[in-house]
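Please read the structure below before turning to the comments.
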Amino acid sequence: MTYCVGLLVNEGMVLLSDTRTNAGLDNIATYRKMFLFEDPGERIVAILTAGSLSVTQTTIARLREAVDHPDQALGPSIMQVGTMLEVAELVGNTLASVRRDVDEKLSAMRQTASASMIVGGQRRGGAMRMFLIYPEGNFIEATEDTPFLQIGEHKYGKPILDRVVKPETPIADARKAVFLSMDSTMRSNLSVGMPLDLAVIRRDALRVDTRQRIERDDPAFRAMSDAWSKALRDAFTGIEI
């Protein structure tokens with residue numbers, strides 16, 4: 001399984017994904033689940049993926065092929081369409097098409113494959129937007145009321161986001177929130193694990209501001225995790241009922 005989270009605040013966007021993929025307890029591997037398409041000054045599109053690797057990798061490959069070889073594509077790529085809404089529609093249609101193709105091949109074994117994605121970004125002259133793409137290709141958008149989206153094993157990391165994330169949350173605090181959300185998830189679910197991929201995109205910058213991979217032995221992440229655990233224990237001890 002996996003866990004990916006995206007926050008859309010007034011200052012910009014913070015995205016975090018794990019890299020663990022498993023097909024049973026004895027078959028664990030690492031795969032990137034964050035993909036960044038960047039034309040600095042013109043457009044930035046970020047895609048986070050969760051679910052069947054055969055579906056997500058094929059979807060990303062088709063989207064990238066259209067970007068790299070526009071003369072051979074059947075239509076405009078995610079770097080050519082007019083709005084972020086059209087980007088979400090294009091990603092959703094590609095995901096749904098790939099899922100149908102894979103399901104057809106698996107039908108003889110009475111199996112299915114599914115995947116979901118978070119798509120966020122901004123084009124020059126347009127608003128920064130973020131969408132959650134469902135396996136069927138339909139989607140919802142992050143709003144001021146719910147300025148974050150999650151895919152994969154989201155339940156363990158949601159409570160802190162519900163409590164602290166608002167549109168006015170500074171980028172630095174948004175970064176802290178996604179790390180603590182991921183830390184909570186990894187504590188409770190062994191199918192989510194390091195290393196992690198982080199991307200920060202500031203509003204109207206039209207490029208990636210921060211791109212970082214956090215390895216298992218990262219001292220800053222470990223210190224943050226330990227501090228969060230201590231803060232929770234202290235808060236628990238201090239509450240009287």
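The values are calculated or read from the model by the stated rules, or taken from the named source; none is laboratory data. This one's a predicted model, so the numbers in the text were calculated from it and none came from an experiment. Counting neighbours? That spans all protein chains shown, and the Cβs are built from the backbone with ideal geometry, glycine included.
So which residues in the range 51-77 are more than 30 Å from ARG20 (Cβ to Cβ) and not hydrophobic (A, V, I, L, M, F, W, C), if there are any at all?
Correct list: HIS69, PRO70, ASP71, GLN72, GLY75, PRO76.
Which is modelled with pLDDT of 95 or more and in contact with a strand residue (DSSP E or B) (Cβ under 7 Å, 6 or more places away or on another chain), of ALA96, ALA174?
Going through ALA96, ALA174 in turn, the sole match is ALA174.
Condition (residue is modelled with pLDDT under 95, under 15 Å from the mean Cα position of the chain (by Cα) and polar (S, T, N, Q)) applied to the range 65-78: is it met by at least one residue?
Scanning the range 65-78, I find no residue that is modelled with pLDDT under 95, under 15 Å from the mean Cα position of the chain (by Cα) and polar (S, T, N, Q), so the answer is no.
For GLY41, work out the one condition from (1) over 16 Å from the mean Cα position of the chain (by Cα); (2) modelled with pLDDT under 95 it doesn't fulfil.
Of the numbered conditions (1) over 16 Å from the mean Cα position of the chain (by Cα); (2) modelled with pLDDT under 95, the odd one out for GLY41 is (2).
Would you say SER229 is in contact (Cβ under 8 Å) with a residue 24 or more places away in the chain and more than 30 Å from ILE44 (Cβ to Cβ)?
The answer is no for SER229.
With respect to ILE160, is the statement that it is of a type in the set (Val, Ile, Thr) and under 15 Å from the mean Cα position of the chain (by Cα) true?
Judged against the criteria, ILE160 is not a match.
Yes or no: THR2 crowded, with 16+ Cβ neighbours inside 10 Å, modelled with pLDDT under 95 and of a type outside the set (A, V, I, L, M)?
Yes; evaluated as a whole, the condition is true for this residue.
I'm trying to understand the selection: among the residues of the range 139-157, which are under 14 Å from the mean Cα position of the chain (by Cα) and acidic (Asp, Glu)?
The answer is GLU141, GLU153.
Out of everything in the range 191-218 that is of a type in the set (A, V, I, L, M) and assigned to a strand (DSSP E or B), what residue ends up being farthest from LYS33 (Cα to Cα)?
Ranking the candidates gives ILE201 first.
Is there a residue being closer than 23 Å to LEU206 by Cα and within 22 Å of the chain's Cα centre (by Cα) anywhere in the range 93-113?
Within the range 93-113, not a single residue is closer than 23 Å to LEU206 by Cα and within 22 Å of the chain's Cα centre (by Cα).
Which one of the conditions (1) modelled with pLDDT under 90; (2) of a type in the set (S, T, N, Q); (3) under 15 Å from the mean Cα position of the chain (by Cα) does THR49 fail to meet, given that it meets all the rest?
(1)
Which of the following residues is of a type outside the set (A, V, I, L, M, F, W, C) and touching a Phe, Trp or Tyr at 6+ places or on another chain (Cβ under 6 Å): THR210, THR143, THR185?
Result of the check over THR210, THR143, THR185: THR185.
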